[in-house]
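Okay, structure first, notes after.
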Number of protein chains: 2
Amino acid sequence: MASQYYDIVIVGAGPVGLMLSTILARWGYKIKHIDNRAEPTPTGRADGIQPRSLDLLRNMGLKSAIMAHKPARVYEVAFWDPPADGKGIVRTGTWASCPAFIDARYPFTTLLHQGHIERVFIDDLAKNGLSIQRPWTIKAFESDAKAHPDYPVQVRIEHVDGTASETVRAKYLFSGEGARSFVREQLKIPVTHIDPIAHVWGVMDGVVKTNFPDIKMKCTIHSEHGSIMVIPREDNMVRLYIQIASSTDADWNPRKTATEAQVQASAQKILHPYTIEWERVEWYSVYPIGQGISERYTLDQRVFLGGDACHTHSPKAGQGMNTAFLDAQNLAWKIHAVEKGFADRNLLKSYEVERKKVAETLLSFDNKYAKLFSQRPPAANEVQAASDQTSGSASQGENEFVKTFKENCEFTSGYGVAYEANAINWSDRHPAQSPLMISTGGPIRTGRLLPNADVTRVVDANVVHLEQEVPLNGSFRIFVFAGDAQSNRVALRDFARNLTRSGSFFSSYLRSDIDQVSWHETHNPHSHFFTFLTIFAGARSSIEIERDAPEVLARYRDHVYADDRWDRRVANAKASAHAKMGLDETRGGVVVVRPDGYVGAVVKLTEGSGTVDALNQYFGAFCTKKLGETMAQL
Amino acid sequence: MASQYYDIVIVGAGPVGLMLSTILARWGYKIKHIDNRAEPTPTGRADGIQPRSLDLLRNMGLKSAIMAHKPARVYEVAFWDPPADGKGIVRTGTWASCPAFIDARYPFTTLLHQGHIERVFIDDLAKNGLSIQRPWTIKAFESDAKAHPDYPVQVRIEHVDGTASETVRAKYLFSGEGARSFVREQLKIPVTHIDPIAHVWGVMDGVVKTNFPDIKMKCTIHSEHGSIMVIPREDNMVRLYIQIASSTDADWNPRKTATEAQVQASAQKILHPYTIEWERVEWYSVYPIGQGISERYTLDQRVFLGGDACHTHSPKAGQGMNTAFLDAQNLAWKIHAVEKGFADRNLLKSYEVERKKVAETLLSFDNKYAKLFSQRPPAANEVQAASDQTSGSASQGENEFVKTFKENCEFTSGYGVAYEANAINWSDRHPAQSPLMISTGGPIRTGRLLPNADVTRVVDANVVHLEQEVPLNGSFRIFVFAGDAQSNRVALRDFARNLTRSGSFFSSYLRSDIDQVSWHETHNPHSHFFTFLTIFAGARSSIEIERDAPEVLARYRDHVYADDRWDRRVANAKASAHAKMGLDETRGGVVVVRPDGYVGAVVKLTEGSGTVDALNQYFGAFCTKKLGETMAQL
């Protein structure tokens, strides 16, 4: 049978599939993307975008398209409970959903229906000539790298009405099919349940008229008549979640259901003494849900799962889409690094390792938090005190509740993701054993996002967000915090000299078309593998790129910055970006950031070859070539 | 001859005409809009948008569409001059274009070609069913309010090739035709020249390759070979202005010209020792320009002029489009207030009074500044000291240069516009003689923009920009700074009680459909004439709208705010928005802001009827109805 050849076949055009194809399409991959629905999500479904996901969308240039739909923004969560005398409900407290101790650019969650979000991705795909093949479904696949080393995966897909089918070959197959994944079932990968408790939820989106004062806030409401969760939406809508049944009920029935009118009547009782009426219901659905995690995300690093195919949560956590986004982003850059010949194929194993751990941590944390909260509702001042701190570090005398509260905020904002030590996240067990590697217990930690920082771009004096300066283009971002230009003149010269020696990570992965690169190329004049950014601790007007930056760094003239912006979080620092990274403002340091924005390694900036030697060791742990040999012989 | 009837005929679809028709189309007016060009501006022309204009565009919801084109952003201006030894050029200083003493949300100027900007307006017009009739031109008009009181203006328009013509009747005619205005010529309105010096300028947009380090900055370069100005543009482009001839030259010839190659050769000489080559020239033009102001902006308050038809400047000031925007906005809301029956027709006289004064001040200031600067280039530390101040108030020992520098920054940023006292800008000569009117010499001044302030919206805990909360909808914005909710309980109750009495400005201009207004109506539940916003000095969680705001203010539930955000400019204030307005954080005060964002009046908030009496007096000075009579009798 004749086959078509693709880099990847992606099944499912929900958040995880769309994020993956959007990224890979931008990077030039040939994609077959199918979905068994005839149209994008018309109403309902996942809708919360975390603060951290807004950073990611901005890095992809998609945030403004999302914000153009004017999503609701949740800054605070309100808790309502029966009062002491037991009648009706009263507000017992409000908490910031992303408190000041988290250094977020966008300290709020946006709520927007999934269809709008999907279309932002679909429009972007169209710019790269890709459209989703609908309504098509996957019927069979097999993966055999021995027989077919170049395109090991064969996939048979079919129109849902059976009128047409195709068999294609691909380098990869990705299942973004959701909780009922055909691919996962075929691979016989079991789903484990961290919390065996299951629930049946009713969810209703609509426009209401009410005198309940917190209808535009996220609320958790407990009453003698039951519990609901309120989530504001765009266009004056509100979503209500109501628990219809729980496996802890005496008469538990996972098929229990309720009509729209029954749910509305329940909500009216729960909200008493406040009134609520529906002007319009946009969407209503009842569905059973349990927390589950797929035991494997891949068996052979050719067929992968992501999103709801790997992990399901209660809707309360609001994590579905955000976790899906990060699954896709994590996989995308690793496929890219392998396919372009930068990284060893083993890098792909870290997808499951990193992302499964995040899902597990998330679920176990969610349980712990819910339990703690049900045992002892915290006092308002306790929460206030925890929220107001502008530093993420644990302070003395923090009780268990405050600690758990903070962790919860980090998770729900998306900043709680912490990848463990491995070949790409340096630790003292990493093969790179240079004494110049900086142990990272301070504000900057490997496996965590680079902290935010404002700096001034030297060429045009624009004040910019340093962490956003390199778009999501698959390149490692090497931030040279150059400290004091005068004191570090020799160190910078030596850094440049050793960088350009043969055998370095720099020289080993130069672009083959380096002689034809445009003078206007901003991010990748030397290599698609990395971008260099240089940040001097000093006023913009004191910096002359030609004089202060060695030629190889000066070539990235749009990526030379002055660390001269005041930051309230490090109010006394002269160079706030250096300070936020925990780096000395005279001596600086080099921070390697993975293509997805997580810190890979931090190295001291010194005179001699040591800094580049250390970077060669770091990259050598997962690159395809032996690095640094030449230098070691010198 | 049969006539069609329109509210307004707008001639010219440059910035002033498009801004006017966009605003009026949104407010439901029937518009005939013609332009004698077959297409919007394809290249070149005006391109700088000031910080203040970005505020305005955001208030119209158009800023993100502009920013989607990724305009260049100018934060600093660099000055290059011959060095002491006379060879080549050296940088002699850089200045912030919108220094910290100006409290701007967007402290930069964006540069984007006029065609992109025009299309943003054209797309918005299309949403309201309006398209520009092209290429059509005006051939004749006459205005006779006695013979035709409803549609006094008759206009004959024609296709530019003469193949078709129409005669229409309108309430208003607006000329946004540019410097060579047919309407102005027909009205025989002379243009006066404040500075008689004229210049011939060459202007070239293109993509260059250069080692001149400030090519992405706005630069003024003087050399022994002549002078140029550098303006960065979007898409790696740069604009160079080069002066080809000046009326102060011995051989002055206003028809002198230069070829593209000649201008490039000149630029290469001027930039020496740096090199510059053009990869591509997008646009090149030579044109003579002088500073001139039309003596009148209207003769009868029916036929109006605006934009370049009224005032021309040297391109260096970068003021053309921004001044045009404000001309249009100023006229639009006044036409609206008159046509909807709120304001007396005399209000329209203030268009010329306000806008002509701004143009005069701008031009005379531009001259004064240029003269001062040519006499004595300031020392870098002098400028630095002036720029760094975060308060706009004059400090002791400020020399003439610093004072002029600051005024210049205010003008070029757009925040220098200060309308003089009249019926809508209160002063102690205003008919409203209530002792509760606050004399405004502090941070808040009548005729000036409301200061920026961050506050927290109570219903949803969103942190918002208070000055942006009411869109440009033609309504007066009445900010009730309520101070301390507890202390002001009686004052607020009395305010609400007197507001709703018959004869008040509130009761006199209620919507005729007030019984059918949707529960979700945010801005105009009572009247299209005004929106109320209530700001309490206190933490969001301490405010209960139902308890703290009287019913009439609580109806604007999306416009109740907590003044609980920290602001570096008033770092020690507990209620920073109150502090930025110069209002006491316990007692508060009422600030009336015109529909265009300029402060009209500030009134003390007191117990009894005094506050509303004062507002009745203020509005009574320009409204169609007698206000406050009933109350005065009580």
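The values are calculated or read from the model by the stated rules, or taken from the named source; none is laboratory data. Here the structure is a predicted model, which means the values were calculated and not measured. All Cβ positions, glycine included, derive from the backbone under ideal geometry; neighbour counts span all protein chains shown. Accessible surface areas use protein heavy atoms only, side chains included; no ligands, DNA or RNA. Shrake-Rupley method; radii C 1.70, N 1.55, O 1.52, S 1.80 Å.
I want to verify the translational diffusion coefficient of chain B in µm²/s; compute it with Stokes-Einstein, Rh as the Kirkwood radius over Cα pairs, at 20 °C and 1.002 mPa s. Could the numbers behind the result be given before it?
Working: Rh = 26.2 Å.
For the chosen part, D equals 82 µm²/s.
With the Cα gyration tensor of the stretch B:202-244 in hand, convert its eigenvalues to equivalent ellipsoid semi-axes via √(5λ) and list them largest first in whole Å.
On the way: eigenvalues 59, 28, 14 Å².
The equivalent ellipsoid of the stretch B:202-244 has semi-axes of 17, 12, 8 Å.
Here residue A:493 yields copy-to-copy label distances, from shortest upward, of 8.0 nm, the label point defined as 7 Å from Cα along Cα to C-beta.
Given the DSSP H assignment, sum -39500 (n - 2.57) over each helix run of at least 4 residues in the protein assembly as shown and divide by its residue total; what's the result at 222 nm in deg cm²/dmol, nearest 500?
-8000 deg cm²/dmol
Accessible surface ranking for B:224, B:282, B:400, 1.4 angstrom probe, highest first: B:224, B:400, B:282. Contact-buried residues of the stretch A:49-92, at a threshold of 30 Å² lost accessible area versus the chain by itself: A:73, A:75, A:76, A:91 (1.4 Å probe; DNA, RNA and ligands ignored). For residue A:269, the aspartates and glutamates whose Cα falls under 15 Å of its own Cα, not counting residues fewer than eight places away in the same chain, are A:81, A:224, A:260, A:277.
For a straight C-alpha distance cut-off of 18 angstrom, the lysines reachable from residue B:368 (same-chain residues fewer than eight places away being disregarded) are B:316, B:357, B:403, B:406. Our Cα-only numbers for the protein assembly as shown put the radius of gyration and Dmax at 32.7, 102 Å.
When the alpha carbon gyration tensor of the stretch B:465-553 is reduced to an equivalent ellipsoid, its three semi-axes come out at 22, 17, 12 angstrom, largest first. Nearest to the axis that brings chain B onto chain A is this chain B residue, judged by its Cβ, with the distance in whole Å: B:64, 3.
Here residue B:364 yields copy-to-copy label distances, from shortest upward, of 7.6 nm, the label point defined as 7 Å from Cα along Cα to C-beta.
Residues A:366, A:515, sorted by accessible area with the largest first, give A:515, A:366 [1.4 Å probe; ligands and nucleic acids excluded].
Just to make sure I understand: if all protein chains stay in place, what is the order of A:308, B:55 by accessible area at 1.4 Å, largest first? Working shown, then result.
On the way: A:308 70, B:55 15 Å².
Ranked from most to least accessible, the order is A:308, B:55.
Sorted from nearest, the other copies put their residue A:442 label points 4.4 nm away, the label point being 7 Å from Cα in the direction of Cβ.
Measuring against 22 Å, Cα to Cα, the residue pairs A:216/B:70; A:63/B:218; B:349/B:626 contain A:216/B:70; A:63/B:218 as the ones spanning a longer distance.
Within the full protein context, the accessible area of residue A:356 is estimated at about 40 Å² for a probe radius of 1.4 Å. Straight-line cross-link reach from residue B:625 at under 15 Å between alpha-carbon atoms covers these aspartates and glutamates, not counting any fewer than eight positions away in the same chain: B:339, B:344, B:613.
Legend: P(r) of the stretch B:8-52 from all alpha carbon pair distances, 5 Å bins from 0, whole percents, reading 5, 19, 26, 22, 16, 11, 2.
Solvent-accessible area of chain A (1.4 angstrom probe, protein heavy atoms only): carbon and sulfur portion equals 48 percent. Relative contact order for the stretch A:454-633: 32 percent, from Cα pairs under 8 Å spaced at least 6 residues apart, divided by residue count.
Rg/Rh for the stretch A:454-633 (Cα atoms only, Rh after Kirkwood) is 0.94.
Compute the relative contact order of the stretch A:229-340 as a whole-number percentage, counting only Cα pairs closer than 8 Å that sit 6 or more residues apart in sequence. Present the calculation step by step, with values, prior to reporting the outcome.
Details: 80 pairs, mean separation 15.6, N = 112.
14 percent.
Heavy atoms of chains A and B lose about 2700 Å² of accessible surface on contact, summed over both sides with a 1.4 Å probe. Ignoring ligands and nucleic acids, what accessible area does residue B:583 show with a 1.4 Å probe (Å², nearest 10)? Number for this one is 20 Å². Protein heavy-atom accessible surface, 1.4 Å probe, per residue over chain B: 40 Å². When the accessible area of each residue in the stretch B:444-467 is compared between its chain alone and the complete protein assembly (1.4 Å probe; ligands, DNA and RNA ignored), which residues differ by at least 20 Å², being lower in the assembly? Residues losing area: B:459, B:460, B:461, B:462, B:463.
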